[in-house]
Amino acid sequence: MLFNMRKKKEHKIIRFSNVENIIMETEGMHFEFSPIDRVVKYRNVISPKYGNMVFPDGYFDEKKVTISQDDMKLISATFDRMFQNRTPENDLLPLPIGAKYDAYMRISLRENMVVYYTNTHTIEGGFRVEIEPVAAEFTQLMQLLKKHCSFQEFTLLM
């Protein structure tokens, strides 16, 4: 069985103006962004390897914030730049056991279509994971969203 095998595909441009919802996740942060009402829901997430740890009250609680009009313009321009020369994935199949997505974006479009961006792909018949550098625009989008959010910090004691 093949997982996330990358195929040569026709370039497809998606535009921020067609986005209904964006889910992004990386580095312990989860964002659900609705451009229509400018609301971001966010929460901390963890890797399964920390499943037996004790976290402070409220650490995983979902919070909401509204994005400013100025930042909406920046988010729109950054998103459009990201997909100007990059074709989103039509689907993502599960990664091998123990692997996780380094950078993940699920984009729901108004045409009842869902597409994805990730820098994590399987190779060699699904037995190895290849992680490409994260798209600069993905990082910029995360920073634009994160500046409006207050994530509760937690230090792992090793």
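Values quoted throughout were computed directly from the atomic coordinates according to the rules given, and no laboratory measurement underlies them. Bear in mind that the values here come from a model prediction, so they are computed numbers and not experimental data. Positions of Cβ are backbone-derived with ideal geometry, glycine not excepted, and every protein chain shown enters the neighbour counts.
Backbone amide hydrogens, once placed in the peptide plane, bring ASN119 within less than 5 Å of ASP102, ALA103, excluding anything fewer than 5 places away on its chain.
Summing charges over neighbours of TYR101, with a neighbour being any other residue whose Cβ is under 13 Å away from its Cβ, gives -4 when K and R count +1 and D and E count -1. Distant-in-sequence amide contacts of ASN21, defined by a placed amide H-H separation under 5 Å and a gap of 5 or more residues or a different chain, comprise SER108. Shown in residue order for segment 30-37 are the 3J(HN,Hα) couplings computed by the Karplus curve 6.51 cos²θ - 1.76 cosθ + 1.60 at θ = phi - 60°: 10, 10, 10, 10, 10, x, 4, 9 Hz (x for Gly and Pro).
Normalised Debye scattering of segment 43-122 at q = 0.14 Å⁻¹ gives log10 I(q)/I(0) of -0.75, counting only Cα atoms as equal scatterers and leaving out solvent.
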